[in-house]
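First the structure, in the form of structure tokens, and then the observations on it.
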Amino acid sequence: MRRLRPLGLLVALVAGVACRPALAGEEVRVAVAASFAPALRELAEPFYQHTGHRLVISAASTGALYAQIRHGAPYDVFLAADAARPRRLEQEGVAVPGSRFTYARGRLVLWSARAGAVTGPEALQGAAARPIALANPRIA
């Protein structure tokens, strides 16, 4: 599976800016799914160094951002947590046709804060495997 490197995301953001006339030093308004906001905040300074554009980041659920955009919120880039909402915006004539692309893919992982606690699926057996936290797939 290919992973998008941070510079790749910077290029993606630049492509989003290129979809409209942009002046050097202009702010780029980015609507980003809350789950990806911390990573985007880390990329904000390298993006500025690379392009001269400052990111104005608005983080919320993809559904809330979709509703804001649908009602006229002035975002330049929408980094959603699913493919459905950006597709709907494009179909509804709200997004720039042909500008939609997948910038990341999620992957299910088994993780523990205790070093060495997860060696494979067998780590889920027995009382030591409790508690287990699962993200809500409708919003994660």
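At a glance:
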quantity	calculated
Ordering of 85-91, 101-107 by burial proxy (mean other Cβ atoms within 10 Å per residue, highest first)	85-91, 101-107
Val118 accessible area, assembled protein chains, probe 1.4 Å, Å²	50
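The values are calculated or read from the model by the stated rules, or taken from the named source; none is laboratory data. Note that the structure is predicted; figures quoted are calculated from it, not measured. A quick note on method: Cβ atoms are made from the backbone with ideal geometry, for glycine too, and the neighbour counts reach across all protein chains shown. Accessible surface is based on the protein model in full, side chains and every heavy atom, while ligands, DNA and RNA are left aside. Shrake-Rupley method; radii C 1.70, N 1.55, O 1.52, S 1.80 Å.
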